[in-house]
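Below: the structure, in structure tokens.
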Amino acid sequence: MIQDVRGRYASEGEFYPLIHETHDGLDTFAWAASQLWSSEIVGPSGDYLGATQWLPARESPSALRAMVPSVTFSDMCAGCVYQGGAKVLHDLRWVVEDIISAEMRRRGVQVDGRLDLESALAEIPLASHPLIRQYALSYLDWLSHRTAVNRVFHDAARPSRLILPIIRRR
């Protein structure tokens, strides 16, 4: 079974990275486990920082027996978005070339090819960039280090609380 997260590709709703994945993942696990074709056991795999596995796993859903997160970190905040308390910009390429262009297409805006990362970096501060302000509000939260988003990143991977087989792929 393959599922897109909320607001991405074939999935409806508004995409806000890492905010809806706990609830949506729990719903997906419960739905899959309740299907007639199911053994009532789930073992998710996927990338997206491992968020579609780590975030719902924190709630210890009864059907979850194993998981294989990939492109993941042991600490999603310090290992991904912030390092030493400073916002790192390696995720900006993803935001500019994927998130903004996909959101523009979802809203019916014509996009020719991929947006240019260099032009985004030319406009500092990034929080003032019109495309980020219009199509990637979640990134503004990441830039400003808002408390709710920060808590999600810090709490996202708590492997010491999980009692199940986990294979981490990098």
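The values are calculated or read from the model by the stated rules, or taken from the named source; none is laboratory data. Remember, it's a predicted structure, so these values are computed and weren't measured experimentally. So basically every Cβ, Gly included, is an ideal-geometry build from the backbone, and we count neighbours across all protein chains shown. These accessible areas exclude ligands, DNA and RNA; they are computed on the full protein's heavy atoms, side chains included. Shrake-Rupley method; radii C 1.70, N 1.55, O 1.52, S 1.80 Å.
Quick notes on this structure:
- One residue stands out in the range 109-122 among those that are among the acidic types (Asp, Glu) and assigned to a loop (DSSP other than H, G, I, E, B): the one that is nearest to Arg93 (Cα to Cα), namely Asp116.
- Filter pass, Pro17 being surrounded by 14 or more Cβ atoms within 10 Å (Cβ to Cβ) and either touching a Phe, Trp or Tyr at 6+ places or on another chain (Cβ under 6 Å) or touching a residue at least 40 places away in the same chain (Cβ under 8 Å) (or both): yes
- For the condition at pLDDT below 85, open to solvent by 10 Å² or more (accessible area, probe 1.4 Å) and within 15 Å of the chain's Cα centre (by Cα), Asp116 does not qualify.
- Selection count where residues are open to solvent by 70 Å² or more (accessible area, probe 1.4 Å) and either assigned to a strand (DSSP E or B) or without any contact (Cβ under 8 Å) to a residue 12 or more places away in the chain (or both), scope the range 27-44: 6
- Residues located in the range 48-74, provided they are surrounded by fewer than 21 Cβ atoms within 10 Å (Cβ to Cβ) and within 16 Å of Met1 (Cβ to Cβ): Tyr48, Pro61, Ala63, Arg65, Ala66, Val68
- Condition check for Glu59: touching a His at 6+ places or on another chain (Cβ under 7 Å) and assigned to a loop (DSSP other than H, G, I, E, B): no
- The range 1-26, subset of a type in the set (D, E, K, R) and assigned to a loop (DSSP other than H, G, I, E, B), residue farthest from Ile41 (Cα to Cα): Glu14
- Subset of the range 34-77 (residues that are more than 29 Å from Val88 (Cα to Cα) and of a type in the set (A, V, I, L, M, F, W, C)): Leu36, Trp37, Ile41, Val42, Ala63, Leu64, Ala66
- Residues (part of a helix (DSSP H, G or I) and more than 15 Å from Gly7 (Cβ to Cβ)) located in the range 123-140: Leu126, Ala127, Ser128, Pro130, Leu131, Ile132, Arg133, Gln134, Leu140
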